[in-house]
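See structure below.
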Amino acid sequence: MTEQPPFTIIDVAVPLRLYTTFHYAVPPNLATLVRTGVRVLVPFGRRKLTGYVLGTVAESEEELKPISAVLDPEPLFTPEELAFFRWSASYYLHPLGEVIKTALPAGINVESRKRRVCSADGTGCEEEVMVGGKGVRRETFYRALPSMEPPANLRGKALRMAEFLRTVVDASASQLRREFGATAAHFRRLLELGLVEASEREVYRDPFREEVFACDTPLSLNDSQSAALERIMAATDGGGFAPFLLHGVTGSGKTEVYLQAIAHVLDAGKTALVLVPEIALTPQLVRRFKSRFDCGIAVLHSGLSDGERYDEWRRIRRNEVSIVIGARSAIFAPLSALGIIVVDEEHEASYKQSEGFRYNARDLALVRGKMAHAVVILGSATPLLTTYHAAQDGKLGYLSLPCRVRNLPMPQAELLDARGRRGDTFLPQLAAAIADNLAAGGQTLLFLNRRGFATFLVCQDCGHVLRCPNCSVTLTYHRRRERHFCHYCDYSIPAPSVCPECGSQAVGLLGRGTERVEEEVRELFPLARVGRMDRDTTGGRGGHARVLKGLEEGRIDILIGTQMIAKGHDFPGVTLVGVVSADATLNIPDFRSSERTFQLISQVMGRAGRGDAPGRVLIQSLAPDHYAIARAVAHDFEGFYNEEIGFRREAGYPPFAHLAALTLSGNSASEVEKGAETAASVLHRTKGELRSRVEILGPVSAPLAKIRGRYRLQILLKSVGRPELHRLLARFRAAVRLPAVVRMAIDVDPVDML
Ligand code: ADP
Ligand code: ZN
Ligand code: ZN
């Protein structure tokens with residue numbers, strides 16, 4: 001290794017909405033501490049900010065200020081990770097400092113405190129002083145001093161603790177409290193008697209600490225699983241970047257292929273990153289990994305406290321784990337020697353972060369995989385149209401698992417025409433099927449993509465509909481709380497008994513949500529044990545897992561839920577799936593609504609018949625002839641793809657074009673309109689200068705024209721080539737000036753077009 005020249009001038013990114021980085025001077029006394037990847041405290045205008053050191057620069061034109069302090073003893077990111085952050089910042093047109101901040105765990109932020117210090121000339125000034133990382137948890141451990149015998153008068157808990165400590169190396173205060181009911185008085189007594197000594201050390205908070213994992217062994221694979229695994233192993237042995245689509249129907253054993261591919265990668269001394277949608281990141285999945293592997297496994301999801309997340313991050317950084325399982329943000333996990341990245345349920349929209357730094361973890365997995373020379377597996381029963389297209393084009397290796405494991409049949413699905421029966425929650429066939437399944441002791445899932453009780457309240461006399469005053473949506477009635485709620489902001493009102501507009505008593509509730517379906521199910525099947533899973537019932541930590549556990553352990557006969565129940569779960573006892581309404585997603589004004597509907601129905605159907613008993617699926621629809629619904633019912637992905645790809649080609653949507661959406665928002669409708677006009681004219685001018693062929697559509701009112709009191713206008717950019725789109729966006733962003741009251745968000749590869 002060559003000695004690095006000392007850092008005298010450094011390039012620093014600050015976590016602000018600024019697209020440039022800044023140069024600072026390093027005073028000689030700090031020079032040995034500064035390295036790429038550490039944080040530094042820097043003067044910025046009249047305040048001090050934490051910035052990230054990106055590297056050293058030879059010289060600078062700027063008038064340099066010195067950094068105030070170095071905040072980390074060790075770098076927080078490596079040069080390789082920095083290259084990945086830079087790529088992401090540039091691709092998503094987001095400030096580098098904010099990208100780095102997103103990539104690092106929140107718990108890393110150290111406490112700081114103002115302290116008065118005096119400078120040499122006697123004037124006082126305020127300075128921020130570090131007082132240590134609050135993220136690190138320290139615990140007191142007690143250790144027996146072997147030379148000392150417990151005195152004869154020691155009794156009870158204190159004696160038992162003393163004896164226990166003589167049999168172990170040491171024990172933490174919390175363990176002793178848990179197991180012996182120890183209190184501070186007991187600890188003091190043992191210390192005073194000189195029986196034990198106490199010391200502090202750093203501990204990790206492990207969310208799965210209490211669980212014991214049964215060991216399991218690899219299953220013997222069927223032919224298609226073996227074929228897929230062979231190709232993946234050949235690619236990992238090759239040591240270069242290799243992306244695959246693992247297209248396997250629901251219950252085809254994709255997870256088993258991931259597990260064995262990962263085992264192979266670990267054998268070669270490399271590490272694995274597994275991305276799953278937040279909602280599928282259940283204890284069931286984590287258990288499968290923990291039972292299979294005895295290496296360190298880190299789990300990252302949104303239910304962790306900042307402290308727990310920081311602990312997991314440090315275990316990864318210190319190479320104490322070989323597998324990371326996590327939701328979206330785990331794409332930034334600091335794994336070294338990455339050999340494989342798995343993106344399970346790659347079609348899931350939740351891989352896209354739709355606020356702030358708008359990245360897509362599924363797409364970044366390919367970028368990171370390429371940078372790390374790793375294998376990337378995108379797995380799904382219903383891959384994105386764009387993914388399947390790329391596989392057909394040969395850009396991704398195509399691995400297919402066309403059948404369920406153990407030759408289980410695909411569930412038998414029937415489409416029920418609900419036209420003309422709007423008033424009924426259940427058509428007679430579905431009601432009868434639920435009754436039969438209940439009698440036979442099978443479990444039933446009922447799917448409906450709407451929570452709450454009724455979708456809206458309408459006055460039969462004047463036609464008034466309850467709407468949110470802050471958002472352009474109707475309010476949803478929640479019966480248990482007897483209020484109407486906005487699902488986009490916090491607004492709610494008590495349920496009115498008369499029309500607020502005309503005073504008529506003829507107010508009716510239209511549409512139905514999961515709460516209403518639950519109520520009807522309880523009325524129809526009073527003896528059934530009924531559960532509901534949606535955002536209202538799974539609030540708080542572990543709520544989601546609790547409901548799933550009830551189903552797994554057979555304590556629920558009928559589970560009603562939103563898309564939460566559709567995702568990747570494996571419930572052998574479920575023999576009937578009913579789709580109460582298949583149409584809600586079809587009517588969303590988005591070019592992907594057919595694709596979403598096809599995916600959702602296929603995924604819900606896939607929950608049936610994964611055990612020994614065959615599964616049955618009944619789907620009620622007001623649009624039974626729509627190809628998204630008909631093809632899903634027929635298990636016909638190819639057929640759906642061929643129809644949908646034709647539409648995409650004609651309309652110039654992905655994969656035949658790349659998109660970027662600009663959303664302008666603000667509290668004043670006229671200011672937002674002016675801002676959007678300005679943005680559009682700068683775009684057109686820039687397009688002319690660049691002789692670009694990017695299509696500029698809009699500005700138009702966004703489908704959700706107002707959210708939380710902010711008016712929203714959109715401009716959509718469409719381009720056949722990606723570089724061309726980026727050239728236009730980068731130049732536009734540098735040139736455009738908008739009034740401070742108008743906010744502009746640039747969304748590259750938007751997923752949510754509302
Ligand atoms: P997918 O992820 O494709 O939906 P899973 O990997 O969850 O499917 O597999 C479904 C079930 O089949 C799991 O319980 C799994 O243990 C089991 N399984 C997987 N592969 C095999 C195999 N080769 N033989 C028998 N059972 C298998
Ligand atoms: Zn009225
Ligand atoms: Zn609202």
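The values are calculated or read from the model by the stated rules, or taken from the named source; none is laboratory data. It should be emphasised that the depicted structure is a prediction, and the values quoted were computed from it without experimental measurement. Cβ atoms come from the backbone with ideal geometry, glycine included; neighbour counts cover every protein chain shown. Just the protein is used for accessible areas: all its heavy atoms, side chains included, with ligands, DNA and RNA removed. Shrake-Rupley method; radii C 1.70, N 1.55, O 1.52, S 1.80 Å.
Checking each residue in region 687-739 for being open to solvent by 40 Å² or more (accessible area, probe 1.4 Å) and touching a helix residue (DSSP H, G or I) at 6+ places or on another chain (Cβ under 7 Å) picks out Lys687, Leu690, Arg693, Tyr711, Arg727, Arg731, Ala735, Leu738, Pro739.
Here Phe164 meets the list (1) open to solvent by less than 40 Å² (accessible area, probe 1.4 Å); (2) modelled with pLDDT under 90 almost entirely, failing just condition (1).
Every residue, every condition in (1) within 12 Å of ligand 1 (Cβ to nearest atom); (2) in the same structural domain as Ala228 (by TED's automatic domain parsing); (3) among the hydroxyl-bearing types (Ser, Thr, Tyr), yes or no:
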| site | (1), (2), (3) |
| --- | --- |
| Tyr258 | yes, yes, yes |
| His264 | no, yes, no |
| Ala268 | no, yes, no |
| Thr271 | no, yes, yes |
| Val286 | no, yes, no |
| Arg292 | yes, yes, no |
| His301 | no, yes, no |
| Glu308 | no, yes, no |
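Taking the conditions (1) crowded, with 17+ Cβ neighbours inside 10 Å; (2) at pLDDT below 85 in turn, Ala632 satisfies each one other than (2). Scanning region 635-670 for residues that are without any contact (Cβ under 8 Å) to a residue 40 or more places away in the chain and open to solvent by less than 20 Å² (accessible area, probe 1.4 Å) yields a single hit, Gly639.
Of the numbered criteria (1) more than 19 Å from Ala333 (Cβ to Cβ); (2) of a type in the set (Val, Ile, Thr); (3) not in a helix (DSSP H, G or I), the one Thr255 fails is (3). Taking the residues in region 491-531 that are assigned to a loop (DSSP other than H, G, I, E, B) and closer than 24 Å to Ile558 by Cβ as candidates, determine which candidate is nearest to ligand 2 (Cβ to nearest atom). Filtering region 491-531 for residues that are assigned to a loop (DSSP other than H, G, I, E, B) and closer than 24 Å to Ile558 by Cβ, the one nearest to ligand 2 (Cβ to nearest atom) comes out as Gly511. Got at least one residue in region 373-384 being open to solvent by 60 Å² or more (accessible area, probe 1.4 Å) and not assigned by TED's automatic domain parsing to the domain that holds Phe591? Checked against the condition, which is being open to solvent by 60 Å² or more (accessible area, probe 1.4 Å) and not assigned by TED's automatic domain parsing to the domain that holds Phe591, region 373-384 yields at least one hit.
Looking only at region 419-427, decide whether some residue is part of a loop (DSSP other than H, G, I, E, B), within 16 Å of ligand 2 (Cβ to nearest atom) and either in the same structural domain as Glu520 (by TED's automatic domain parsing) or over 36 Å from the mean Cα position of the chain (by Cα) (or both). Within region 419-427, not a single residue is part of a loop (DSSP other than H, G, I, E, B), within 16 Å of ligand 2 (Cβ to nearest atom) and either in the same structural domain as Glu520 (by TED's automatic domain parsing) or over 36 Å from the mean Cα position of the chain (by Cα) (or both).
When Thr236, Thr250 are screened for being over 30 Å from Gln412 (Cβ atoms) and surrounded by 20 or more Cβ atoms within 10 Å (Cβ to Cβ), only Thr236 passes. Please determine, by comparing only the residues of region 437-448 that are open to solvent by 40 Å² or more (accessible area, probe 1.4 Å) and in contact (Cβ under 8 Å) with a residue 40 or more places away in the chain, which one is nearest to the chain's Cα centre (by Cα). The selected residue is Leu438.
Exactly one residue out of Asn437, Asn470 is more than 16 Å from ligand 1 (Cβ to nearest atom) and in the same structural domain as Val530 (by TED's automatic domain parsing): that is Asn437. In this structure, Leu273 qualifies as away from ligand 3 (no atom under 16 Å from the Cβ), open to solvent by less than 20 Å² (accessible area, probe 1.4 Å) and either more than 21 Å from His569 (Cα to Cα) or out of contact with any His (no Cβ under 7 Å at 6 or more places or on another chain) (or both).
Yes/no matrix, rows are residues, columns are (1) open to solvent by less than 40 Å² (accessible area, probe 1.4 Å); (2) closer than 19 Å to Arg516 by Cα; (3) part of a strand (DSSP E or B):
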{"site": "Ser400", "(1), (2), (3)": "no, no, yes"}
{"site": "Met410", "(1), (2), (3)": "no, no, no"}
{"site": "Gly463", "(1), (2), (3)": "no, no, no"}
{"site": "Cys489", "(1), (2), (3)": "yes, no, no"}
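Filtered by the rule that a residue be within 14 Å of ligand 3 (Cβ to nearest atom) and not aliphatic (A, V, I, L, M), region 453-477 gives Phe456, Arg467, Cys468, Pro469, Asn470, Cys471, Ser472, Thr474, Thr476.
Checked against the criteria, Ser581 does not count as touching a residue at least 40 places away in the same chain (Cβ under 8 Å), among the hydroxyl-bearing types (Ser, Thr, Tyr), open to solvent by less than 10 Å² (accessible area, probe 1.4 Å) and over 30 Å from Leu716 (Cα atoms).
Contact map, region 18-34: first residue under 30 Å from Val736 (Cβ atoms), second residue part of a strand (DSSP E or B) and open to solvent by 30 Å² or more (accessible area, probe 1.4 Å), Cβ cut-off under 9 Å, separation 6 or more or different chains; pairs are Phe22/Phe44; Tyr24/Pro66.
Restricting attention to region 249-260 and to residues that are touching a strand residue (DSSP E or B) at 6+ places or on another chain (Cβ under 9 Å) and closer than 16 Å to Leu285 by Cβ, the residue that is farthest from ligand 2 (Cβ to nearest atom) turns out to be Val257.
Scanning region 139-161 for residues that are closer than 23 Å to Glu202 by Cα and charged (D, E, K, R), we see that the one that is surrounded by the fewest Cβ atoms within 10 Å (Cβ to Cβ) is Glu139. Identify, please: which residue in region 557-591 is farther than 19 Å from Gly531 by Cβ and charged (D, E, K, R) and is, among those, nearest to ligand 3 (Cβ to nearest atom)? Only one residue fits best here, namely Asp590.
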